[in-house]
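The values are calculated or read from the model by the stated rules, or taken from the named source; none is laboratory data. If you're wondering where the values come from, they're calculated on a predicted model, not measured in any experiment. Positions of Cβ are generated from backbone atoms using ideal geometry, with glycine treated the same way; all protein chains shown enter the neighbour counts. SASA here: full protein model, heavy atoms, side chains in, ligands and nucleic acids out. Shrake-Rupley method; radii C 1.70, N 1.55, O 1.52, S 1.80 Å.
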Amino acid sequence: MGVYALLALVSAVAMASSGIIARFSGLAAAELTFYRLAVGALCLLLFVGLSGRLALLKGKPDWRMALNGVLLASFMLSFLSAINYISLANAIMLVYLAPPLSAFIAHWLLNETLDLTDASLIVLSFFGFAMLQQFKFDLVLDTAQLPGLLLGLMSLCAYSSFLLLNRRSLPAHSQLQRTFYQLIIGACCVLPFLTGMNMPTTDDLLWIALAGIFPGFIAIYCAIIALQHLPTRVYATLAYLEPVTVILAGWWLFNESLTLLQLGGVLLIILTGLLLARRHKAALPEIVRPASVQL
């Protein structure tokens, strides 16, 4: 499958852990987002420092890093705010339009040719995702749900822009540097939303650390590396492993039901992801021999 496809899968699973951490920790949405980004940046700083590579973080962030930090925080906060007005299923359905949307935009703007087979596999992966949600999309354009719809669309646009901008990064900036500044800038963007925040308790510290390590540092770092090397269409399909992980974790950890329709969606997403990754590997065999992954 290739190391970069594997990193995309690791990112998706690590991203999914934020929902599990949120349920066990009981932290408020803005607090969890802040800890996820700020502690994630701290983890990266420790990782780079202990490996003697602090020099990689030198230099000012360019406008892409700054904007991606804003987009990262906007995507997370808009999604978490949307679920206050609309159902979780509807909010997830909106935000996960971002991966296929990004793949089609990349076809036009980034010259990533999308043939009929690739386009069909992307559509099938989204259909599998809709199966995970049991085709529940019952948004009503009334005054009660309209703010949720707008916030969901903001999350969709921010996530899609984040994916595309990380595809157009400058080679002069290291992956560690881009990850660090995006996490730090994203954390700063969340600060205004932390009004009335209390000091974390001793019981919170474990969840704060896990939020920074997994959906913070590991998820974002692996995503940035994968996006730099994988075509958007491949990353977009592999990203659907995140909702798959959430569904399976809910079934395993919280005794939530797993219907045959959802199980079919899981299998369809895995199958389309494997087929797209295999097609990409056949077209670009050097993917399995990476020249520089900064770990």
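Structure summary
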{"item": "Residue satisfying all of: in the range 145-201; under 14 Å from the mean Cα position of the chain (by Cα) and under 11 Å from Met65 (Cα atoms); surrounded by the most Cβ atoms within 10 Å (Cβ to Cβ) among these", "result": "Gln182"}
{"item": "Matching residues in the range 30-77 - criterion: being among the charged types (D, E, K, R) and closer than 13 Å to Val190 by Cβ", "result": "Glu31, Arg36"}
{"item": "Condition check for Pro192: over 29 Å from Thr272 (Cα atoms) and assigned to a helix (DSSP H, G or I)", "result": "yes"}
{"item": "Qualifying residue in the range 109-120 (condition: surrounded by fewer than 17 Cβ atoms within 10 Å (Cβ to Cβ) and over 29 Å from Leu275 (Cβ atoms))", "result": "no"}
{"item": "Some residue of the range 86-99 being surrounded by fewer than 16 Cβ atoms within 10 Å (Cβ to Cβ), out of contact with any Pro (no Cβ under 8 Å at 6 or more places or on another chain), modelled with pLDDT under 90 and not in a helix (DSSP H, G or I)", "result": "no"}
{"item": "Selection count where residues are over 11 Å from the mean Cα position of the chain (by Cα) and open to solvent by less than 10 Å² (accessible area, probe 1.4 Å), scope the range 205-226", "result": "4"}
{"item": "Residue count for the range 54-84, restricted to those that are among the aromatic types (Phe, Trp, Tyr) and either open to solvent by 50 Å² or more (accessible area, probe 1.4 Å) or outside any helix (DSSP H, G or I) (or both)", "result": "1"}
{"item": "Qualifying residue in the range 46-53 (condition: open to solvent by 30 Å² or more (accessible area, probe 1.4 Å), among the polar types (S, T, N, Q) and over 20 Å from the mean Cα position of the chain (by Cα))", "result": "yes"}
{"item": "Matching residues in the range 44-53 - criterion: being part of a helix (DSSP H, G or I) and touching a helix residue (DSSP H, G or I) at 6+ places or on another chain (Cβ under 8 Å)", "result": "Leu44, Leu45, Phe47, Val48"}
